[in-house]
Amino acid sequence: MPAALDLDHLVQPDRVHRTVYTDQAIFDLEMEHIFESAWVYCGHESQVKEVGQYQTVQIGRQPMVMVRAKDGQIHVLYNRCPHRGVQLCGSHSGNTGSSFVCPYHAWSFHLDGKVRAIPLIKGYEGTRLSTDDPDCNMARAARVESYRGFVFASLSPTGPSLVDFLGDAKVAFDDMCDRSPEGEVEVVPVCHRVVQQSNWKFFMENQLDALHPSVTHQSTGVSARRVEKQLKEKEGSAPLHFHYLSTFASSFDQWDSVQTVNFPHGHGILKAYMGLRPTDPDTQEYEALMRKAYGPEKTEEYLSRSIHHVLIYPYLSVQSPLQQVRCLRPLGPDKTLSEIWHFRLKGAPEAIYRRSMWYFNLVNSPATMINADDLENWTRGQNGLQSKGNDWVSFHRNMGGDTEKDGVLYSNNGTSEVVMRNQFKAWRNYMSRAQTPATA
Amino acid sequence: MSQTQVKQALGSGVVIEAVQSLTGAESIAPDHMGRSRQSAVGYVPQSVNIDPGLLRQVELLLTRQAVLLDARRWSDWMETFTEDGIYWMPAAPEQTDWASQPSIFAEDRLLMEVRANRLMHPNAWSQAAQWATHHLLGAVIVEQASADALSTYTPFQMMEVRRDKVRHFGGSYRHHLVKQADGQWKIRLQRVDMFNAQASYDYVIQAWV
């Protein structure tokens, strides 16, 4: 990396320098100025229903813990004992009881992070440490907010509110929750965790990249299409899950007709293409429940939003019509963990849950026939970007061919690389804070 | 410190004779609410005796399905299943139903066909890299037996090489086997409990385990 971060050089309107994917120093700056500053998804309220229930979560490089306190409030705390630094929660999830107790020297903390007891407290008499000192508490995330049950934390005391940060992309959570006759979702307690040997940006770009599916996923798409066709010929219809896979092998022209919507802060939407509103009896039963809850007009609004998935930059993909969430936790410039969750629509029939579960099983499980080829591409991308053969990553496609309205960029071609150009606009904006270091 | 001073310093000490009723951690937070005792986990198979000839037949079938996977003979492997056969890898050991809870694999014969065809497709890009698996099965335990149905439990280990990386998986198979009209046995259910099912996966699992 150059001594000073030269953003004009690294990020140009139509191309970016390969080192933004490979360089450790740039990665460290991303952690500090993006992930440890923006609102980061911690989990869903239903993951910590009971008092003392916790879920550990990585925000940038910071090990954090989300916990439910006695008064029902959810706190996000640094998972570190103020005494000697030992992590207080040692598992992904669990119940810590009425307090956190450090396994090293039994310092204990209330569920809001305040120190509860220190053994042999007399030992601190005459020192500068006392239990009134806030440094004796578990530190808290600067800000915690939730939107429709989805909990976010920001480690920066300043910046936009959660709703301002999400902007129009908050429709991700509205679309998911509105599909429940009760307006709420509940987590399914299975988290698939898959590591990609590549930079987090590969995932984010890929999510709205409509040019790749029919190439990358050809093998799975055509194999599913063959079975789907056979079933339709033989039995008149085929289960929707074959369609989940077969649509990946649609033609370039078909993909080019699927629009992307690109918001400020790098968020975006890939509009719907799978036709997820069949007319079978299960769907009819479900839609009747929806009409009963919301009336015909609202029901129509809720069920006809054109969304395949919504991207919350820089780390979250929300597939609201199928109630799944993929959350990135960058581990290094060339290593990224994704945590993949499924949600149940409260009050919806079991058949509706099962139908979306098939997508979770077939596309988002660790045995996915889809991401097998995505992850392969990204590994080869990460390796390829080590090459000095060309310093640039190209985002020229349909440049200048998109429509801008009120700060939102609509692609006129689904395969436009406006997605990446918009994400890097946000990236640049975050990283510009790294340009004026205090030592300069 | 002089030698005498050291001698004096070490000349007295404490002997903890009786342990107090409250340990350090207990005296600070005596209630363990929520932090319950660690419970037993896993599945312990029961066992019944069957005719040694039949047992041998079962061992050969189960070994054969694993060898066929390693040999990438996908179609032959699928033929070890009945027409209504299911391959299931639960996401958690306590799961009991392949159709109502999220799984790592949950495939009937039609989905198996999709996966097999994908794996053989010339543009299955992820298959371009060097890739192979090797299974090792432990002793087969027959859990239940009737004239035309058997339930078995078999521990396994599997190694996989991809590019230059080796991954190691282990777990147990629970098979439901049914006797066919021709006297041969086939798999109606292959339940695969990966002991590391809930650990993170470095890359994905491309083929059946």
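The values are calculated or read from the model by the stated rules, or taken from the named source; none is laboratory data. Note that this is a predicted model, so its numbers are computed, not measured. Note that each Cβ is placed from the backbone with ideal geometry, even for glycine, and that neighbours are counted across all protein chains shown.
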Every listed condition ((1) within 14 Å of another protein chain (Cβ to nearest Cβ); (2) surrounded by fewer than 20 Cβ atoms within 10 Å (Cβ to Cβ); (3) not in a loop (DSSP other than H, G, I, E, B)) holds for A:Gly167 save (1)
Could you tell me which residue of segment A:421-440 is modelled with the lowest pLDDT, considering only residues that are of a type in the set (A, V, I, L, M, F, W, C) and in a helix (DSSP H, G or I)? A:Ala434
Looking at A:Val144, A:Val115, which is the one that is over 21 Å from A:Gly85 (Cα atoms), modelled with pLDDT of 95 or more and of a type outside the set (Gly, Ala, Ser)? A:Val144
A:Ser156 passes all but one of (1) closer than 24 Å to A:His267 by Cβ; (2) within 18 Å of the chain's Cα centre (by Cα); (3) of a type in the set (S, T, N, Q); which number fails? (2)
With the requirement that a residue be of a type in the set (Gly, Ala, Ser) and either farther than 30 Å from A:Gly381 by Cα or within 12 Å of another protein chain (Cβ to nearest Cβ) (or both), what does segment A:329-357 give you? A:Ser338, A:Gly347, A:Ala348, A:Ala351, A:Ser356
Hey, any hits in segment A:94-103 for a residue that's at pLDDT 90 or above, closer than 30 Å to A:Tyr315 by Cβ and of a type in the set (S, T, N, Q)? yes
A:Val48 being closer than 29 Å to A:Cys191 by Cβ, in contact with a Lys or Arg (Cβ under 7 Å, 6 or more places away or on another chain) and among the β-branched types (Val, Ile, Thr): yes
Please determine whether any residue of segment B:182-189 is surrounded by fewer than 21 Cβ atoms within 10 Å (Cβ to Cβ), within 23 Å of B:Gly85 (Cα to Cα), among the acidic types (Asp, Glu) and touching a residue at least 12 places away in the same chain (Cβ under 8 Å). no
Against the condition among the charged types (D, E, K, R), over 30 Å from A:Leu111 (Cα atoms) and outside any helix (DSSP H, G or I), how does B:Asp84 come out, does it pass? yes
So, A:Gly52, is that one touching a residue at least 40 places away in the same chain (Cβ under 8 Å), buried (at least 19 other Cβ atoms within 10 Å of the Cβ) and more than 24 Å from the chain's Cα centre (by Cα) or not? yes
So, in segment A:231-242, how many residues would count as being in a helix (DSSP H, G or I) and in contact with a Lys or Arg (Cβ under 9 Å, 6 or more places away or on another chain)? 3
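Conditions (1) surrounded by 15 or more Cβ atoms within 10 Å (Cβ to Cβ); (2) within 10 Å of another protein chain (Cβ to nearest Cβ); (3) of a type in the set (Asp, Glu), marked per residue:
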{"position": "B:Ser126", "(1), (2), (3)": "yes, yes, no"}
{"position": "B:Met158", "(1), (2), (3)": "yes, no, no"}
{"position": "B:Val161", "(1), (2), (3)": "no, no, no"}
{"position": "B:Gln180", "(1), (2), (3)": "no, no, no"}
{"position": "B:Val209", "(1), (2), (3)": "yes, yes, no"}
Of all residues in segment B:190-203 being more than 9 Å from chain A (Cβ to nearest Cβ) and outside any strand (DSSP E or B), the one that is surrounded by the most Cβ atoms within 10 Å (Cβ to Cβ): B:Phe195
Go through segment B:130-171 and count every residue that is closer than 21 Å to B:Ser47 by Cβ, not charged (D, E, K, R) and not in a strand (DSSP E or B). 5
Of all residues making up segment A:88-105, the number that are touching a strand residue (DSSP E or B) at 6+ places or on another chain (Cβ under 8 Å), surrounded by 15 or more Cβ atoms within 10 Å (Cβ to Cβ) and not aromatic (Phe, Trp, Tyr): 9
Conditions (1) closer than 18 Å to A:Ser198 by Cβ; (2) more than 9 Å from chain B (Cβ to nearest Cβ); (3) not aliphatic (A, V, I, L, M) -> A:Pro366 fails only (2)
